[in-house]
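Working notes, beginning with the structure itself.
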Amino acid sequence: MKRCPSLRGRDRGFAIALLMWMIAGMSLLVTAVIHFARDDIALAEQRLNEARSEAIARGVALMILRDEVLAPFQAQTEKRESDVRRGNSISGSGNDQARTTVFTKRYEIGGHTAVATVHPASAYVSLNGGSNEELRRLFSVIGGAGQSEAGALASAVMDYRNQGGGNADKNRPFSGFISREELLVVGGMTKTVYDRVKDYVQPFEFSSLDMASAPSRMKQGYGQAGEAAATQQAGQGQQKNDRADFSSTNDGRVTFESIGRERSASISSNRFTAVEVDVVLQNTNASKYRIWVTGAERNIVRSERVHLKGLARGGLL
């Protein structure tokens, strides 16, 4: 029995429609695979750029610290050679010009560019040694908190580092902040304020803020108040730390408190240096890192990615 031609045409139409749907489905599947593959490739490239930038930043941090030590000797040698060429008499140490509070140098590494600046730890607000006024101004001017909120946060930070306000644990020694992330557990702290101030604090040294050596973005954020503070500190010299004495002055007994004080004294006796490195890769990818270095052996203790966000009231981008 022969099938009707109209039925054969209808079956052929169904087959063609089914084939077209299969082709369309496969096209969508291929498009989705390509889309996710591109995302994976972009993410891998981003991670590679970050790893490359951080590696360059860490290496440059060690190089600039070496160059900073050699700079006075190089300047002295260049001055002597210049005096000899000009026929001038050589007198003095050749280092009569006062050194600046920060040292900056540019490096070219394999097509990548890095500009590094050395800052002392005192260029940032100390979470363990900053005064109530320094902390209040930090949370107000940089963090954008209101006056009452900023004052409460400053007091909460001091309570936390001194183990007040119910934070004390009698079963373990405590020596204050060991990382900036601990700010998030301080009573009243918000993620917004933390994100604004985290790049301007340090937990390493028990020091007073030296605005003269602070990063330029921090100076601009503080505005005229920051300039006035820098001038006042320059005239008065190094300020005395109002942090409580961490030396082990007790009756000779070994207690959790004495162990904590010994640890704090050991930490505060180390000198920490922050090297801020702006890295621009050959593919124009730009990033900024802060590398913390300590000890005569120049040990890197922490690498921080600096987020270039605008300050709350400084108007910076």
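The values are calculated or read from the model by the stated rules, or taken from the named source; none is laboratory data. All of these numbers come straight from a predicted model, not from anything done at the bench. Counting neighbours? That spans all protein chains shown, and the Cβs are built from the backbone with ideal geometry, glycine included. These accessible areas exclude ligands, DNA and RNA; they are computed on the full protein's heavy atoms, side chains included. Shrake-Rupley method; radii C 1.70, N 1.55, O 1.52, S 1.80 Å.
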Query - Enumeration of residues in segment 206-230 that are outside any helix (DSSP H, G or I) and either at pLDDT 75 or above or acidic (D, E) (or both) - result: F206, S207, S208, L209, D210, A214, P215
Query - Identity of the residue in segment 279-294, free of Cβ contacts under 8 Å to residues at least 24 places away in the same chain and in a strand (DSSP E or B), that ends up least open to solvent (accessible area, probe 1.4 Å) - result: K288
Query raised in the report: Among L7, L19, L62, which is part of a helix (DSSP H, G or I) and at pLDDT 90 or above?
Result: L62
Report summary line: Of the residues in segment 292-305, those that are of a type outside the set (D, E) and farther than 12 Å from S53 by Cα come to W292, V293, T294, G295, A296, R298, N299, I300, V301, R302
Requested in this report: Could you grab me the full set of residues in segment 92-148 that are acidic (D, E) and either touching a helix residue (DSSP H, G or I) at 6+ places or on another chain (Cβ under 7 Å) or at pLDDT below 90 (or both)?
Outcome: D96
Query raised in the report: Out of the residues in segment 38-61 that are open to solvent by 80 Å² or more (accessible area, probe 1.4 Å) and not charged (D, E, K, R), which is farthest from the chain's Cα centre (by Cα)?
Result: I41
Query raised in the report: Can you name the number of the only condition in (1) modelled with pLDDT of 90 or more; (2) assigned to a helix (DSSP H, G or I); (3) among the polar types (S, T, N, Q); (4) open to solvent by less than 60 Å² (accessible area, probe 1.4 Å) that Q76 fails?
Result: (1)
Query raised in the report: Within the group E276, E297, which residue is at pLDDT 90 or above and either acidic (D, E) or open to solvent by 40 Å² or more (accessible area, probe 1.4 Å) (or both)?
Result: E276
Query raised in the report: All but one of (1) within 16 Å of the chain's Cα centre (by Cα); (2) open to solvent by 20 Å² or more (accessible area, probe 1.4 Å); (3) at pLDDT 90 or above hold for K191; which doesn't?
Result: (1)
Query raised in the report: Listed residues R47, R38; which is within 25 Å of E276 (Cα to Cα) and modelled with pLDDT of 65 or more?
Result: R47
**Report entry** Count of residues meeting criterion [of a type in the set (S, T, N, Q), without any contact (Cβ under 8 Å) to a residue 60 or more places away in the chain and open to solvent by 10 Å² or more (accessible area, probe 1.4 Å)] in segment 121-153
**Finding:** 3
